[in-house]
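This report refers to the structure that appears directly beneath it.
The values are calculated or read from the model by the stated rules, or taken from the named source; none is laboratory data. Bear in mind the structure is a predicted one, so any value in this text is a computation, not a measurement. Cβ placement follows ideal geometry from the backbone for every residue including glycine, while neighbour counts extend to all protein chains displayed.
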Amino acid sequence: MKLNIFQRGFLQKAASIGVYFVSFMVVAFIIDWLEKRRFTVVAEKAQQQGILTLESLHDFKAQIAAMDVAAIFAIITVGVFCAIICWFLMRWAANFNWSWPVMLPKAVEFRSAMRMLNVTNPVEEIECVRKHKLSVFIALAPLRKNEQEAVRAQLYPFANHMFSKMDVFERHIGRQTLCLDAAEYEHVVEKVKKEDALRESVAIAATNDEVKSLRTAVASLTKENEDIAKERDELRGKVRMQSPQEEGRVDRLRVERLWWTAYNSVMDRLIHDAPPGKQYTTPEIEAAFAAEWEQRPELREHMRRLTSNEETKPSESILKAVKEELKDAGRLSPGGRPKKNP
């Protein structure tokens, strides 16, 4: 609310200025008296010595220059003493409140107001008042509620001043007479809420960014773990398959050895014992192998132990290899009907 000059503590501040002025005048008069007294003493000494002539002016100046410096120290001491007295007087004047009373439409009890701002320490209360430049009032009667309408109070002009005293705050807080203008206080509360909301939004934004980064990292680690697990399962499958495959390959090699044993005899006979110019077709090669297999009971017995069946038919790859051998020897028919024996 708008206060006039007297309601803002003009008399209080005027009294403080008066203390400053009176103190200054007293110090000035004291220093002036000391200086005059000092020069008077010097002049009396000069008159007694009979040197107050134009011719002795030089000696008089030398006499002034040789004056004792103890008076200077006295002036400094008096000045420091007066400054201390002025300080204590101004501190003493801050205990009184000569502001004109004002009617506050609505007032908030000081300590409850500070609690709503989450300020609990007495020193922090004064800092809060100075930070937000709050006008502090002293009610003429104790406040019965935390918020009260039509409160007659006086402004405490030193609330935001260096001469504010903690005991003034504590005394009137204990009496429940220290209060704030509700309109001004609500404005400060809104300001504090906005600042808190801004800080909270910044903190939330920072937290969200951190969460996003963590989620990205987790997703990356999850994908990496899935790839590792997949690779691990593939390796396990290969390891599990390797042993059976290896055993099956060994068995196939043993079977192929029996086929080659029979085919070696067949190829030797077809290449070396056939009439000159004789060429063989695929059915003839297969028939020769079947005849050889029937004549080799040891091979059939061995095949039965390996495959539980003595009857067998060589694979296409074995047959192709045999045909290539015969082709190199000129004994393989190129196709169609075989050439007649000459």
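Any residue at all in the stretch 279-286 that's at pLDDT below 85 and of a type outside the set (Phe, Trp, Tyr)? No, the stretch 279-286 has no match at all. Filter the stretch 93-107 down to the residues that are at pLDDT 85 or above and in contact with a strand residue (DSSP E or B) (Cβ under 6 Å, 6 or more places away or on another chain) and list them by number. Met103, Leu104, Lys106, Ala107, listed by residue number.
Where residues in the stretch 289-299 are out of contact with any Ser or Thr (no Cβ under 8 Å at 6 or more places or on another chain) and assigned to a helix (DSSP H, G or I), which of them is nearest to Tyr263 (Cα to Cα)?
Phe289
Quick check on Ile173: is it within 33 Å of the chain's Cα centre (by Cα), under 27 Å from Leu11 (Cβ atoms) and part of a helix (DSSP H, G or I)? In short, no. Of all residue pairs spaced 6 or more apart or on separate chains, those with beta-carbon atoms under 7 Å, a first member in the stretch 108-131 that is farther than 15 Å from Lys193 by Cβ and modelled with pLDDT of 85 or more and a second member that is of a type in the set (D, E, K, R) and crowded, with 19+ Cβ neighbours inside 10 Å are Met114/Glu125.
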